[in-house]
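The values are calculated or read from the model by the stated rules, or taken from the named source; none is laboratory data. Computed from a predicted model, the values in this text were never measured in an experiment. Backbone-built Cβ (ideal geometry, glycine too); neighbour counts: all protein chains shown. Areas reflect the complete protein model, heavy atoms only, side chains present, ligands, DNA and RNA absent. Shrake-Rupley method; radii C 1.70, N 1.55, O 1.52, S 1.80 Å.
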Amino acid sequence: MAIRINDHRVEAVGKVLARLGLEAIYAIEEGDPQYRALEFLVEKLRDCSSASLLVVLNALVSYQLSMPGEEYWWEFARYPFKSGSPDELVRDFISFLNTSKGNVAARDKKISRIKRLVTSQTHIEIYVKAQDLFRSLEKLKEILARSLEREGSEKTIVFAVKMLHYIARICGSKPRPLVSIEIPVDRRVAGVTYTSEIADAEARDPVEEIMKNYKEAQRAWKRVSEISGISMINLDSLIWLCGKHVREDDRVERAYKEIKAYARGKVDDRALREALLELLRRKL
């Protein structure tokens, strides 16, 4: 069973996000609990190369979590990591994963994935080239796709790019707009793809159906990105934050209060509410 993309809804969502604007999106990103957790990690480590490697490792195994992503990334950031060599950082990360309360499912499979990076020496490449990757984050997608033998549009790979994008900004870099990086279609993004009416899915679980057909969803969000002038990877934080509210009757109001607080007065209230009305148009 496939999903159906509604072009008129793609255009409507793109236009309302254009009115919200890129600066508002940046403000929302910087209030995102995941962003703030990474600020804490960088301040603790005082080493952007160590932080970069740890964040990429964590992003690659951030699925099937047993707690909300906001809480999990704080669990990760508060773990007593220390700056070190790439091998030491991988060892410490595996120790974290073995004790994590938020990342329990498929633990052996996730550790095996991390060890694949070590076998290919990719962990060293990310650590050594961190500053170069800050300037050209698309290269991280290429490195991970090569190492993991994947296409590169898979949700954990593009999510790793997003999180390294956060680290780059926290470390004072100004990365180029990531127009070629797809949005990571996890359950929350898939949910908003449905509630915004960008996609219809005649299935018992429309979220699962959209995730199965994630490339179609990515193409739709790419068009939203083109209309709005905001890259998909930047749109992801707003969409992901909305995604936790898709099943609530008062979803627009609850999302509005939460996201407005994260933006700390740096977003136009009316534009934000209009955007949320379009993104959360129907209940899941």
ask   = Of the residues in region 98-113, how many are part of a loop (DSSP other than H, G, I, E, B), surrounded by 13 or more Cβ atoms within 10 Å (Cβ to Cβ) and not hydrophobic (A, V, I, L, M, F, W, C)?
value = 3
key: Breaking point among (1) over 29 Å from residue 149 (Cα atoms); (2) of a type outside the set (A, V, I, L, M); (3) open to solvent by 10 Å² or more (accessible area, probe 1.4 Å), for residue 116   = (1)
query = Restricting attention to region 230-284, which residues are of a type in the set (Phe, Trp, Tyr) and under 13 Å from residue 188 (Cβ atoms)?
reply = 240
query = If you take the residues in region 67-89 that are assigned to a helix (DSSP H, G or I) and within 15 Å of residue 45 (Cα to Cα), which one is farthest from the chain's Cα centre (by Cα)?
reply = 88
ask   = From the list 60, 45, which residue is touching a Lys or Arg at 6+ places or on another chain (Cβ under 9 Å), open to solvent by less than 10 Å² (accessible area, probe 1.4 Å) and closer than 24 Å to residue 140 by Cα?
value = 60
remark   = The lone condition residue 94 fails out of (1) closer than 30 Å to residue 176 by Cα; (2) open to solvent by less than 40 Å² (accessible area, probe 1.4 Å); (3) hydrophobic (A, V, I, L, M, F, W, C) is (1)
query = Which condition does residue 131 not pass, out of (1) closer than 24 Å to residue 212 by Cα; (2) among the polar types (S, T, N, Q); (3) not in a loop (DSSP other than H, G, I, E, B), if it passes all the others?
reply = (1)
Only listed residue being at pLDDT below 95, of a type in the set (Gly, Ala, Ser) and over 19 Å from the mean Cα position of the chain (by Cα), chosen from 12, 106, 2, 18 = 2
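Please go through region 190-217 and pick out each residue that is among the basic types (Lys, Arg) and more than 17 Å from residue 63 (Cβ to Cβ).
The answer is 204, 215.
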key: Condition met for residue 65 (open to solvent by 40 Å² or more (accessible area, probe 1.4 Å) and touching a helix residue (DSSP H, G or I) at 6+ places or on another chain (Cβ under 6 Å))   = yes
query = Would a scan of region 66-84 turn up a residue that is without any contact (Cβ under 8 Å) to a residue 12 or more places away in the chain and either touching an Asp or Glu at 6+ places or on another chain (Cβ under 8 Å) or more than 26 Å from residue 262 (Cα to Cα) (or both)?
reply = yes
ask   = How many residues does region 119-143 contain that are aromatic (Phe, Trp, Tyr) and open to solvent by 40 Å² or more (accessible area, probe 1.4 Å)?
value = 1
